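Student: Pasting a structure here, questions to come.
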């Protein structure tokens, strides 16, 4: 059996701000940006990983969620309590400098972790935590 990641979802409260960050700061390519049933469907991804998409979706996108659940998700997003994604990079320090220079909210400066990576962390414009990791020794 061969299982691969195809898509992951990141909650965003403003697609335009999210695109400015994921496309313009991180350099991801926009793969889809379409209107669908009153919502906006936006996918981005790394040019080096054409089969993996990050879907930028509003926290209220789940059609099965109750109004209270949708409100709770929006509140958790606003507090920065939802997880984002972990990106790998070939140069953690250069990535840190680029994202910081673009105004990214720093959560953790680059540090060597005991589990074999050098990493740093930021919040995206919606408050999601994003980590950037580089295997040590590279």
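Each value in this text was obtained by applying a stated rule to the coordinates, not by laboratory testing. Quantities reported herein were computed from a predicted structural model and do not represent experimental measurements. Every residue, glycine among them, receives a Cβ derived from its backbone with ideal geometry; neighbour counts consider all protein chains shown.
Student: Relative contact order, percent, of segment 82-137 when contacts are C-alpha pairs under 8 Å separated by at least 6 residues?
Tutor: In percent, rounded to a whole number, it is 42.
Student: Choose one answer from 75, 97, 35: the residue with the largest mean-square fluctuation in a GNM of the chain with alpha-carbon springs under 10 Å.
Tutor: Greatest mean-square fluctuation among the candidates belongs to 35.
Student: Listing 52, 117 from the residue with the fewest other Cβ atoms within 10 Å to the one with the most, what is the order?
Tutor: Placing the least packed residue first, the sequence is 52, 117.
Student: Moving on to the next point. Which of these, 96, 36, 87, has the largest mean-square fluctuation under a Gaussian network model of the chain (Cα springs below 10 Å)?
Tutor: Judging by the Gaussian network model, the answer is 36.
Student: Please compute the contact order of the chain in relative form: average sequence separation of alpha-carbon pairs under 8 Å and at least six residues apart, divided by the residue count, as a percent.
Tutor: Once divided by the residue count of the chain, the mean separation gives 23 percent.
Student: Moving on to the next point. Cα convex hull of segment 60-138: mean projected area in nm², to one decimal?
Tutor: 6.2 nm²
Student: Expressed as a whole percent, how much of the Cα-Cα distance distribution for the chain exceeds 18 Å?
Tutor: Of the Cα pairs, 58 percent sit more than 18 Å apart.
Student: Given the options 53, 64, 128, which has the most mean-square fluctuation in a GNM of the chain, springs set between C-alpha atoms less than 10 angstrom apart?
Tutor: Answer for the Gaussian network model of the chain: 64.
Student: Right, next: Taking other Cβ within 10 Å of each residue's Cβ, how do 22, 115 sort, fewest first?
Tutor: 115, 22
Student: At 20 °C and a viscosity of 1.002 mPa s, what translational diffusion coefficient does Stokes-Einstein give for segment 1-59, taking Rh as the Kirkwood radius over Cα pairs? Give it in µm²/s as a whole number.
Tutor: D, rounded to a whole number, is 180 µm²/s.
Student: Shifting gears a bit: In square nanometres and to one decimal, what's the mean projected area of the convex hull around the Cα atoms of segment 67-108?
Tutor: 3.8 nm²
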